[in-house]
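Here's the structure we're looking at; comments come further down.
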Amino acid sequence: MTLLKAAEIDRFLSNPPEDCPPVLIFGPDTGLVSERASALVSKASEGDSDPFNLAKIDASELVSDSNRLIDEVLTIPLFGGRRIIWVKDAGGRNLSPAMEPVLKQQPCPSLVVLEAGDLKKGTGLRKLFESNRNAIAVPCYTDGDRGIDQLIDQETRSAGLTISREARASLHGLLGADRMASRGELKKLCLYALHKGRIETGDIEAIIGDASSFEASELIDAAATGDITTLDHGLERLTAAGSKATIIANQALKHFQGLHRMRSDVEAGRSAQQIVESQRPPIFFSRRASFTRQLITWSCRDLERAMQILSDATRVSRLNDALGAPVLSDALLTLARVARARGQQRR
C-alpha cells in the first residue's frame with residue numbers, strides 16, 4: 001500500500017495517474033475526507049462527459065451484495081473512457097469481501113474511491129489496504145495551525161481579500177475541527193467582508209463570534225473556573241442553537257493546551273498575571289482575569305488529564321454526531337467539578 005504523506009496528498013489529488021489503483025480516503029476529519037474524495041473524483045473524470053462512467057454506491061449496498069462492486073468495476077463503458085466507482089460511507093462496515101476481488105485486478109480497469117471515517121490501524125478495510133501493494137490510502141487528520149493558515153489563505157485569496165494578523169490568530173481558535181465546517185465559516189466571513197477589502201477581528205466577532213466564539217469561550221471559561229451554573233446554561237444555549245459539538249470540543253482542547261503551556265511557566269516561577277499579559281496575540285481584555293484564575297487553579301498534571309478527556313470527547317463527537325453533545329457535556333462538567341474542587345483547596 002502507498003500511504004501518502006501530507007506533502008504528497010495535494011499533488012496526488014491534482015494529478016492522479018491514469019491507471020490509478022483503488023484509493024481509500026479515511027480519517028477523523030470527515031469534512032476533509034469528503035472534500036478530498038470529491039476532488040479526486042472530479043479530477044479523474046476531467047474531460048469525460050459520459051455520466052454513466054461515474055457510479056456512486058452506498059457502502060451498505062455492498063455489504064448486502066458483495067459481488068456488486070466487482071461487477072461495477074468490470075463493466076465496460078459504452079462510449080470508452082474509464083469508469084469511476086465512488087463508494088460512500090465505507091467506515092465501520094465489513095467491505096473486505098467486496099474489495100478482495102477488486103484488489104486482485106492488476107491493473108484495475110476502473111478507479112475505485114472509498115470514502116470512510118476514522119479507521120483503526122490494523123483492522124478491517126484499512127488492514128486490507130495496508131497489506132496490498134496495489135492500493136493507495138489518503139489519511140485525513142484534523143487541520144493543525146499550518147493547515148488552517150492554508151485554508152484561510154485559499155478562501156481570502158479567492159475572495160480578493162486580505163486579513164489582519166490579529167484576525168488570523170482569532171480564527172485559529174475557531175477552525176480546524178472539521179474541514180467542511182471550517183471552509184463554510186470562512187466563506188461566510190469572506191462574503192461579509194467582501195466590500196471592505198480586509199478582514200479584521202471585529203468581522204470575525206460579528207459573523208463567527210456571535211454564533212460560536214463568544215458563547216463557546218464563555219462555556220470553556222466556565223468549565224475551567226468551576227462555574228457549573230454558567231456551564232449548564234451555556235450547554236443548553238449551544239445545544240438549542242444547533243452548535244456542532246465537535247467544533248466546541250476542539251476549541252476546548254486547544255484552550256487547555258494553551259493553559260498547559262502557560263502553566264509550565266507559572267511552575268517555573270513566573271506570575272500568572274504576568275504570563276497572561278505577555279501573550280501574543282494578546283488575550284481579549286474581558287477574559288484576562290478568568291485566564292489568570294485558571295492558571296492559578298490548574299496544575300500541569302491536572303491539565304494533562306483534562307486534555308486527555310477533551311481529546312476523547314473530540315474523537316467521539318467526530319465519529320458520531322448524536323453522541324457528540326452528551327459526551328462533550330459530560331467532559332466539561334467533569335472538568336468544572338475538578339476546577340471547583342481545586343479552587344476550594346487553594347483558598
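The values are calculated or read from the model by the stated rules, or taken from the named source; none is laboratory data. Treat the numbers as computed from the prediction; the structure is a model and nothing was measured. Every residue, glycine among them, receives a Cβ derived from its backbone with ideal geometry; neighbour counts consider all protein chains shown.
For the reader, a short list of remarks on this structure follows.
- Selected residue (only one of Gly209, Gly226, Gly117 is at pLDDT below 85 and over 30 Å from Val41 (Cβ atoms)): Gly209
- Near pairs, Cβ below 6 angstrom, 6+ apart or cross-chain, from the stretch 20-40 (outside the structural domain of Pro109 (by TED's automatic domain parsing)) to any residue that is crowded, with 23+ Cβ neighbours inside 10 Å and modelled with pLDDT of 95 or more: none
- Of the helices (runs of 4 or more DSSP H) lying entirely inside the stretch 123-182, those containing at least 2 residues that are under 18 Å from Gly197 (Cβ atoms) and at pLDDT below 90 are 165-172.
- Residue match in the stretch 334-345 (condition: under 30 Å from Leu119 (Cα atoms) and either among the hydroxyl-bearing types (Ser, Thr, Tyr) or out of contact with any Phe, Trp or Tyr (no Cβ under 9 Å at 6 or more places or on another chain) (or both)): yes
- The stretch 142-158: number of residues that are touching a residue at least 12 places away in the same chain (Cβ under 8 Å) and either over 23 Å from the mean Cα position of the chain (by Cα) or loosely packed, with under 14 Cβ neighbours inside 10 Å (or both): 3
- Per-region count, the stretch 274-302, residues among the basic types (Lys, Arg) and outside any helix (DSSP H, G or I): 1
- Residues that are β-branched (Val, Ile, Thr) and closer than 22 Å to Arg183 by Cβ within the stretch 27-82 comprise Thr30, Val33, Val41, listed in sequence order.
- Scanning the stretch 286-312 for residues that are of a type in the set (Ser, Thr, Tyr) and under 22 Å from Ala249 (Cβ atoms) yields Ser290, Thr297, Ser311.
- Residue in the stretch 266-273 that is in contact with a helix residue (DSSP H, G or I) (Cβ under 9 Å, 6 or more places away or on another chain), of a type outside the set (A, V, I, L, M) and part of a helix (DSSP H, G or I) present: yes
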